[in-house]
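The values are calculated or read from the model by the stated rules, or taken from the named source; none is laboratory data. Treat the numbers as computed from the prediction; the structure is a model and nothing was measured. Cβ placement follows ideal geometry from the backbone for every residue including glycine, while neighbour counts extend to all protein chains displayed. Heavy atoms of the whole protein, side chains included, go into the accessibility calculation; ligands, DNA and RNA do not. Shrake-Rupley method; radii C 1.70, N 1.55, O 1.52, S 1.80 Å.
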Amino acid sequence: MKTILVTGGTGLVGSAIKTVVETTEKRDDEQWVFIGSKDCDLENLEKTRKLFESVKPTHVIHLAAMVGGLFHNLAHNLKFFRKNMAINDNVLALCHEFDVVKCVSCLSTCIFPDKTTYPIDETMVHLGPPHDSNFGYSYAKRMIDVLNKGYAQEHGRKYTSAVPCNVFGPHDNYNLQSGHVLPALIHKAFVAKRDDTPLQVFGSGKPLRQFIYSLDLARLFIRVVREYEDVEPIILSVGESDEVSIRDAVSAVVKAIEFTGDVEYDTSKADGQFKKTASNEKLLKLFPDFKFTPFEQAIQESVQWFVENYETARK
Ligand code: NDP
């Protein structure tokens, strides 16, 4: 019997994995344990050790992190760095101590070098400084890859990392200050429709992004923990041709929420990186049969989830 511990199990990605393993991907030889910060503060080594003692995982999907959108990152780089460094070091040290067979940790396409060639691929994680806006988060994430290589070299461990592009879906953080662009947009559009006010979008709307639906990412994470055997990272993203502008994303949200008022772009606000186009070639070679949910359908489902869960959603 495999025991798969999912840290960050209460968040956007963790709750999507929970939905998928409890429905379409259920297996009798796997027991899944999902934990959030209330179950264990992973910044604390002793508490993390107690968690591993009680769960006794054979496999770990490590998602827990301090996560936030552009504006939250800009204001708190030091905090993002220190918290995430502590969490990652503790989790990987205890995976080794408790003889965990495989650990898949989570990087992000936004931690890649700022000045680079496109598309970005898995070999480029350390080839130049990240964008200034989120250097704290980025360097802490990059150190996961350093730890993975160290545990492989010194102890023969198979600890690896997955690199998602921007994620969205049910259970996202819809907070207008700390949320990522899509959930913040969905929340803003909801309020603009309710109050009959214009929808104000931060920035020019021109930057390009790849967005993956959390339930698609969940299916990919499950396949990676079951089948991927390499220490090198693997990008989990929609293809390069599925990249959309923020303006396109706004249109999809406006359509899904049926907002008919004016949309205004506040160009005095930062745009962040113009693009960070990632290649999903390695992923498609490994899982050539994988089908992504169409963007508009996924936005529709996410908007519906937010409207139906407005009272209790994280905001
Ligand atoms: P969420 O903010 O939705 O969830 C974060 C999770 O981490 C929550 O379960 C939270 O627990 C947990 N957590 C935070 N701090 C601690 C702590 N000190 N101890 C224990 N648990 C903690 O994040 P996402 O689901 O969006 O992100 C999951 C992973 O994916 C992260 O590693 C993130 O960097 C990565 N990622 C996310 C992207 C995105 O667009 N969202 C893009 C690319 C990568 P609780 O809620 O109970 O407090």
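A few remarks follow.
- Enumeration of residues in region 116-161 that are among the small types (Gly, Ala, Ser) and free of Cβ contacts under 8 Å to residues at least 40 places away in the same chain: Gly128, Ser138, Gly150, Gly156
- Residue in region 70-82 that is modelled with pLDDT of 95 or more, more than 15 Å from the ligand (Cβ to nearest atom) and among the aromatic types (Phe, Trp, Tyr) present: no
- Odd one out for Asp41, checked against (1) within 9 Å of the ligand (Cβ to nearest atom); (2) open to solvent by 20 Å² or more (accessible area, probe 1.4 Å); (3) in contact (Cβ under 8 Å) with a residue 12 or more places away in the chain: (3)
- Residue pairs meeting the criteria (Cβ under 9 Å; at least 6 apart or on separate chains; first on the phi > 0 side of the Ramachandran plot and within 10 Å of the ligand (Cβ to nearest atom), in region 162-176; second of a type in the set (D, E, K, R) and part of a strand (DSSP E or B)): His171/Arg314
- Test for Met124: is it more than 13 Å from the ligand (Cβ to nearest atom) and either at pLDDT 95 or above or within 25 Å of Ala184 (Cα to Cα) (or both): yes
- Residue within region 229-243 that is at positive phi, out of contact with any strand residue (DSSP E or B) (no Cβ under 7 Å at 6 or more places or on another chain) and at pLDDT below 95 present: no
- Every residue from region 132-167 that is farther than 22 Å from Lys282 by Cβ and either of a type in the set (Asp, Glu) or not in a helix (DSSP H, G or I) (or both): Asp132, Glu154, Gly156
- When Val91, Val101 are checked against the criterion of being surrounded by 17 or more Cβ atoms within 10 Å (Cβ to Cβ) and not assigned by the TED database to the domain that holds Gln177, a single residue qualifies: Val91.
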